[in-house]
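See below for the structure under consideration.
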Amino acid sequence: MRLYAVVAAGGFRRYATYRTATLAGVFTNTVFGFIVAYTYLALWDERPQLGGYDQSEALTYVWLGQALLMTCAMMGAGFESELTERIRTGDIAVDLYRPADLQLWWLAGDLGRAAFHLLGRGVAPMVLGALAFDLALPDSPWMWPAFLVSVLLGVVVSFALRFLVALSAFWLMDGAGALQMAMLAGLFFSGMLLPLTLFPGVLGEVARALPWSSLLQVPADVFLGRYTGWGLLGAYAFQAGWALVLLLAGRLLQSVATRRVVVQGG
Amino acid sequence: MDAVAAPGPETAETAFADRSRLVEGVRAYGLIVAMWLRSTLAYRASFVMTTVGNFLMTGFDFVTIMLMFSHVDALGGYTLPEIALLYGVSASAFGLCDLLLGSVDRVGQRVRDGTLDTLLVRPVPVLAQVAADRFALRRLGRITQALLVLGYALVTLDIAWTPLKVALLPVMVLSGAAIFGAVFVAGAAFQFYAQDASEVQNAFTYGGTTLLQYPPSVFARDLVRGVTFIVPLAFVSWLPALYVLGRDYPLDLPRWVAFLPPLVAGGCWVLAGLVWRVGLRSYRSTGS
């Protein structure tokens, strides 16, 4: 347990060293936040209460999206390209030799990364957004920890998905194509482009049931007070259920994959 | 480090040297691009997949707009075909620029890891080298998607075409690409100081093209002022496209501004070129 805590702290520190990049990222998140916020304002001007949100809730959704983009890695940019590279080059053999579990090792590091991104690239755009627009912030102080739990579950689901995709490199050798497809799915089905409650008909129902909705749609709805009491537990159960299924699938794939590893001597 | 043109009085001789450097730069650019094309096409399957991926990823922008229009008939007072025209022009210009110059944002990384030194010792303009670096043909996916949306707009829009409007279409795509290109180069020059701040550049390039995909009436006046007079992105699509659509301009600008894009593009390149030279001259190698 101590080992994984150290790995997580390492993940945090590693991203904390890129200070200029973090500032630049905050700037970009804020610029995009403004652009998208204005388009949502125009949309909600035409149709108040669209998708079950009023205007300030819709604006809050925009800024939550910018704040969680890196935390929940909706467009990737976590450990996955590093892992596929290690599989491609064969360095993965060294990782498998370590007295640590492969999946837990990368999960710990990714949790550290996510924690840094939440503080480094999440808080500032959210504060700037709240200064510029009338956002619907939670009334009850309890909503903040409730939101954080949902974000944590979202990060784990995001990790489990990316771990699965990265392991595909054992078969595909070059994981770039698979990672790109995963990024596309993450961008579209997380609700980053538009809240999933605005997706029409069956597309909307399917999108809301897929694991990617745990990355933004569910945490945002928790933040906006859509879930209370048993409803909140239900939302957590949805996220935790996907996390469990995907982590187990990753574990299964990992054991199949590692049996394929052939270490070349030299 | 004399590869950077020395400052001096503008004589016929230096002007001639500048021109030959330009020719030399374009030639080198072509050679490096050809090299990367051969390398790209060695992995056909990977090329096809990443091109399709590029097509889909930018396609999602327009899918988002279509999803919005499944709930409303107009956004900021504009219909879907009108927004498709703004989108098509801006995205085509950006796609063209991204294909030709998109790699310059890697300068920061090269400054950081010291590989820029390799480019400095070659007898070829550095800008040509970084622009052609890892030339990514897969970006054709982005242009294809943009041209399809532009085609959809032109087919569905009911425009009273005049020769002037027809001529303005290719002009705005090409000048727009040049304006975006100047932003790319200026952003790359900024990397000499900031090193790992390439995301700031994304705010202006990717952010800029996203902004231009929506009508100016959607945005706050100060924002529109900023992208008209400070970073003149409004000349990429808004001002010329609104002339074609016969719409009012933002900020009560006169009608003739629709024909300024080539001039604005030229001005932007002069400035970007100066900024690039200053940036490159201030470069200090990281050593080893």
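The values are calculated or read from the model by the stated rules, or taken from the named source; none is laboratory data. For clarity, every value in this text was computed on a predicted model and none was experimentally measured. Quick reminder, even Gly has a Cβ in these numbers, built from the backbone with ideal geometry, and neighbours come from all protein chains shown. Accessible surface areas use protein heavy atoms only, side chains included; no ligands, DNA or RNA. Shrake-Rupley method; radii C 1.70, N 1.55, O 1.52, S 1.80 Å.
Just one of the numbered conditions (1) of a type in the set (A, V, I, L, M, F, W, C); (2) in contact (Cβ under 8 Å) with a residue 12 or more places away in the chain; (3) at the interface with another protein chain (Cβ under 9 Å from one of its Cβ atoms); (4) surrounded by fewer than 17 Cβ atoms within 10 Å (Cβ to Cβ) is not true of B:Met66: (3).
Taken over segment B:69-85, the criterion of being open to solvent by 10 Å² or more (accessible area, probe 1.4 Å) and assigned to a helix (DSSP H, G or I) is satisfied by B:Phe69, B:Leu80, B:Pro81, B:Glu82. Looking at B:Tyr206, B:Tyr243, just one residue is more than 10 Å from chain A (Cβ to nearest Cβ), of a type outside the set (Asp, Glu) and either farther than 18 Å from B:Asp105 by Cβ or assigned to a helix (DSSP H, G or I) (or both), and that residue is B:Tyr243.
Residue pairs whose Cβ atoms lie under 6 Å apart, sitting 6 or more positions apart in sequence or on different chains, and linking a residue in segment B:226-248 that is over 21 Å from B:Leu154 (Cβ atoms) to a partner that is of a type in the set (A, V, I, L, M) and surrounded by fewer than 24 Cβ atoms within 10 Å (Cβ to Cβ), are B:Pro232/B:Val264; B:Leu233/B:Val227; B:Ala234/B:Val227. Somewhere in segment A:208-220, is a residue under 25 Å from A:Ala249 (Cβ atoms), in contact (Cβ under 8 Å) with a residue 24 or more places away in the chain, of a type in the set (Val, Ile, Thr) and within 14 Å of chain B (Cβ to nearest Cβ)? The answer is no; no qualifying residue exists.
Of all the residues that make up segment B:262-288, how many are outside any helix (DSSP H, G or I) and either open to solvent by 70 Å² or more (accessible area, probe 1.4 Å) or closer than 20 Å to B:Arg221 by Cα (or both)?
3
Scan A:Pro200, A:Pro195 and give me the residue that is more than 9 Å from chain B (Cβ to nearest Cβ) and either surrounded by fewer than 24 Cβ atoms within 10 Å (Cβ to Cβ) or on the phi < 0 side of the Ramachandran plot (or both). So the residue among A:Pro200, A:Pro195 that is more than 9 Å from chain B (Cβ to nearest Cβ) and either surrounded by fewer than 24 Cβ atoms within 10 Å (Cβ to Cβ) or on the phi < 0 side of the Ramachandran plot (or both) is A:Pro195.
Under the condition of being within 14 Å of chain A (Cβ to nearest Cβ) and under 26 Å from B:Arg284 (Cβ atoms), the residues counted in segment B:74-105 number 1. Does segment A:92-112 contain at least one residue that is open to solvent by less than 20 Å² (accessible area, probe 1.4 Å), touching a Phe, Trp or Tyr at 6+ places or on another chain (Cβ under 7 Å), touching a residue at least 40 places away in the same chain (Cβ under 8 Å) and charged (D, E, K, R)? Checked against the condition, which is being open to solvent by less than 20 Å² (accessible area, probe 1.4 Å), touching a Phe, Trp or Tyr at 6+ places or on another chain (Cβ under 7 Å), touching a residue at least 40 places away in the same chain (Cβ under 8 Å) and charged (D, E, K, R), segment A:92-112 yields at least one hit.
Among the residues of segment B:179-200, write down those that are within 13 Å of another protein chain (Cβ to nearest Cβ) and either open to solvent by less than 10 Å² (accessible area, probe 1.4 Å) or not in a helix (DSSP H, G or I) (or both). Those that are within 13 Å of another protein chain (Cβ to nearest Cβ) and either open to solvent by less than 10 Å² (accessible area, probe 1.4 Å) or not in a helix (DSSP H, G or I) (or both): B:Gln191, B:Gln195, B:Asp196, B:Ala197. Scanning segment B:38-63 for residues that are among the polar types (S, T, N, Q) and more than 8 Å from every other protein chain (Cβ to nearest Cβ) yields B:Ser39, B:Thr40, B:Thr51, B:Asn54, B:Thr58. Residues in segment A:30-66 that are part of a helix (DSSP H, G or I) and of a type in the set (Asp, Glu) were compared, and the one that is farthest from A:Ala132 (Cα to Cα) is A:Glu46. Of all residues in segment A:149-170, exactly one satisfies the criterion of being open to solvent by 20 Å² or more (accessible area, probe 1.4 Å), part of a helix (DSSP H, G or I) and within 14 Å of another protein chain (Cβ to nearest Cβ), namely A:Val165. Just one of the listed residues (A:Arg251, A:Arg259) is in contact (Cβ under 8 Å) with a residue 24 or more places away in the chain, basic (Lys, Arg), surrounded by fewer than 18 Cβ atoms within 10 Å (Cβ to Cβ) and in a helix (DSSP H, G or I), namely A:Arg251. Somewhere in segment B:248-261, is a residue assigned to a helix (DSSP H, G or I) and under 15 Å from the mean Cα position of the chain (by Cα)? Looking through segment B:248-261, at least one residue is assigned to a helix (DSSP H, G or I) and under 15 Å from the mean Cα position of the chain (by Cα). Scanning segment A:9-44 for residues that are more than 7 Å from chain B (Cβ to nearest Cβ) and β-branched (Val, Ile, Thr) gives A:Thr17, A:Thr22, A:Val26, A:Thr30, A:Val36.
None of A:Gly65, A:Gly51 is within 14 Å of chain B (Cβ to nearest Cβ) and surrounded by fewer than 21 Cβ atoms within 10 Å (Cβ to Cβ) except A:Gly51.
Remark: A:Ala146 falls outside the filter, which requires a residue to be away from every other protein chain (no Cβ under 14 Å) and closer than 19 Å to A:Gly109 by Cα. In this structure, does A:Gly241 turn out to be farther than 26 Å from B:Leu67 by Cα, within 14 Å of chain B (Cβ to nearest Cβ) and open to solvent by less than 40 Å² (accessible area, probe 1.4 Å)? Considered against the rule, which asks whether it is farther than 26 Å from B:Leu67 by Cα, within 14 Å of chain B (Cβ to nearest Cβ) and open to solvent by less than 40 Å² (accessible area, probe 1.4 Å), A:Gly241 comes out as no.
Counting the residues of segment A:203-230 that are of a type in the set (Ser, Thr, Tyr) and open to solvent by less than 50 Å² (accessible area, probe 1.4 Å) gives 2. Considering B:Gln129, B:Gln109, the condition of being away from chain A (no Cβ under 14 Å), over 30 Å from A:Asp45 (Cβ atoms) and not aliphatic (A, V, I, L, M) is satisfied by B:Gln129 alone. When each of B:Leu212, B:Leu223, B:Leu174 is tested for being within 14 Å of chain A (Cβ to nearest Cβ), touching a residue at least 60 places away in the same chain (Cβ under 8 Å) and closer than 28 Å to B:Met66 by Cα, the lone residue that passes is B:Leu212. Count of segment A:1-44 residues, restricted to those that are of a type in the set (A, V, I, L, M, F, W, C) and surrounded by fewer than 17 Cβ atoms within 10 Å (Cβ to Cβ), is 6.
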